[in-house]
DNA sequence: CTGAAAGCGCTTACAG
DNA sequence: CTGAAAGCGCTTACAG
């Protein structure tokens, strides 16, 4: 492996000059530049970026932590992030917590040990306090979550409005008792959705019923059990909102297999709008989220911060959602 | 940010000693060690790993490049890789080529610029020559692909046998004309599958029919068109093998929507065994691949190489597949 | 058992 | 326009 020093010797200049050429310093005389460039090509020299980064005190790397790749929604966000990072001169390490089996701490350590410059937290379930502390130590951007009273950039859909829209759709179809099936993790986006859902019910003159909301792990058995538990208490369950397409796909399967017992076919609306919602049979009515854009925008915001560009006054960035009515 | 130097000064020792403590050098006197450890905690000192890596001439980072996260099969492999890397002291950068829109070259550059130590190529469509060249320059492991005559470690299922099994299953059900729908990219695993598929047909006394095999991009319209094009030429198309669950899900949708016109409901077997195959209606009969293990083993092999552990004589590592018969 | 010194491969303020 | 020198924060062979 050749180094700046070697290039310099061969070109008859100093390392400093080679470095300047490498970094397009306009002060370098054209002839000198060409001479150096020629040697660089000849030796097929590639700079050692570890050295450069150490010297410049920046790893040029960011970390995006998301719950799991097993859900196509998060995979979509990761795709957007990848796209945004390419050509930026940065690299992105995408990590998953797999619902806390792997520790978030591992990724935060990348920041502490100078291996990464900034962090994007996707649907993390960190406490507000922990988030506040973290954001004071490192550049952080939130994706799919936000806290009004926290001074951290965030990008997400308007979850309250989205859930409101979903519930209204079901209500408009004449369904009265509408359940809400969600994963096991608490999150600010879930809070927002719950509030929109409750508001819609309330406006329709219905008392909120606590046992209409049920948590389930994202696997078939648990989802079946969860829905059945609502149905038991609420004999005339007519509609269901699922917190993700994946959850909804298990519900559909449960109904088809007869494991979920409901009086009729329930109105079902899920969140996300992944390809799953298209290919399911029946096709899912879904609140589509701009996954790609969510990931893309998160990276944009973080890069802006790392480059010390001025930030918008409003830290919250809402991307539009879209209710796609299909067969459920 | 504190440094080794600062810790050293405060502890009244040299940087060398601090470094030794950090690296658990047993030569350090216990009292000295404790003194240093105490200061480290007091200052909440975290080593700068960029500096350490530069000095040790290793980035402690590997790269895994896969086609896309949009396919849950690859997402599953990524999960396995994540799991294998955790606690290894390495980091993994997972990149996607998105079918060559983003360049593979970007990731290879990470190796050239010392930002990564090794590479895992998942279903790449690199030429044998390019692969050979690359593997001479950097530690490389192949996943979902292999070449008999290339001296590169690889891990995959036995694709020939798997496709053979699938075709035999369809044949056993009495289906004669069996089509094969695949994505647009060439790959060694596809080649293996084609060979198993042909062999099964041949053994059943059927001439191989070129227009039974059709390529389609992984989206609904293209898949519909592809299947229809087979059906047109082969009036009595009875069975279909799909190169992925995703492809199969579009086929199912096409049949349901009536966009795909077939005389009867075809026997359909797909590859992968992602959760998609479970939740589809009808549920997919599929050749399940051990996605997680594929990713996990790939990382294991690469790490072994990077640590200069002896390699197995046989470079090819086959993981078992499993035919899961469901409703299609 | 420990320290002084060199060096990993870059960049940059300073001087000329 | 260019070079000598220092330094980013570590580790390690060498000497004692």
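Some points to look at:
- Some residue of the range A:76-87 being surrounded by fewer than 19 Cβ atoms within 10 Å (Cβ to Cβ), touching a residue at least 12 places away in the same chain (Cβ under 8 Å), more than 11 Å from the chain's Cα centre (by Cα) and within 9 Å of another protein chain (Cβ to nearest Cβ): yes
- The residue that is nearest to DNA strand C (Cβ to nearest atom), among those in the range A:20-41 that are under 16 Å from residue A:52 (Cβ atoms) and either within 14 Å of chain B (Cβ to nearest Cβ) or touching a helix residue (DSSP H, G or I) at 6+ places or on another chain (Cβ under 6 Å) (or both), is A:22.
- Which listed residue is within 11 Å of chain B (Cβ to nearest Cβ), farther than 30 Å from residue A:249 by Cα, outside any helix (DSSP H, G or I) and in contact with a strand residue (DSSP E or B) (Cβ under 6 Å, 6 or more places away or on another chain), from A:92, A:141: A:92
- Residues (out of contact with any strand residue (DSSP E or B) (no Cβ under 9 Å at 6 or more places or on another chain) and within 13 Å of chain B (Cβ to nearest Cβ)) located in the range A:106-132: A:109, A:112, A:113, A:114
- Helices (runs of 4 or more DSSP H) (entirely within the range B:178-294) containing at least 1 residues that are more than 13 Å from chain A (Cβ to nearest Cβ) and surrounded by fewer than 22 Cβ atoms within 10 Å (Cβ to Cβ): B:188-203, B:220-233
- On the stretch given as the range B:98-114, residues that are surrounded by fewer than 22 Cβ atoms within 10 Å (Cβ to Cβ) and in a loop (DSSP other than H, G, I, E, B) total 7.
- Scanning the range A:4-16 for residues that are near DNA strand C (Cβ under 8 Å from one of its atoms) and either buried (at least 16 other Cβ atoms within 10 Å of the Cβ) or farther than 18 Å from residue B:112 by Cα (or both) returns A:4, A:7, A:14, A:15, A:16.
- In this entry, residue A:93 is excluded by the filter for residues that are under 27 Å from residue A:308 (Cβ atoms), surrounded by 19 or more Cβ atoms within 10 Å (Cβ to Cβ), in contact (Cβ under 8 Å) with a residue 40 or more places away in the chain and away from DNA strand D (no atom under 16 Å from the Cβ).
- Of the listed requirements (1) surrounded by 14 or more Cβ atoms within 10 Å (Cβ to Cβ); (2) within 14 Å of DNA strand D (Cβ to nearest atom); (3) in a helix (DSSP H, G or I), residue A:34 misses just one: (1).
- Among the residues of the range B:44-70, those that are assigned to a helix (DSSP H, G or I) and touching a helix residue (DSSP H, G or I) at 6+ places or on another chain (Cβ under 6 Å) comprise B:50, B:51, B:53, B:54.
- Taking the listed residues B:61, B:68, the one that is facing chain A (nearest Cβ under 10 Å) and within 17 Å of the chain's Cα centre (by Cα) is B:68, with no other qualifying.
- Taking the criterion of being within 11 Å of another protein chain (Cβ to nearest Cβ) and under 18 Å from the mean Cα position of the chain (by Cα), the residues of the range A:95-104 that qualify are A:95, A:96, A:97, A:98, A:102, A:103.
- Residue tally, condition surrounded by fewer than 15 Cβ atoms within 10 Å (Cβ to Cβ) and more than 11 Å from DNA strand D (Cβ to nearest atom), over the range B:38-57: 4
Every read-out reported here was derived from the displayed coordinates using simple, explicitly stated rules and does not represent laboratory data. What you see is a predicted model, and the numbers here were worked out from it, not measured in a lab. Reconstructed Cβ throughout: ideal geometry from the backbone, glycine too, with neighbour counts over all protein chains shown.
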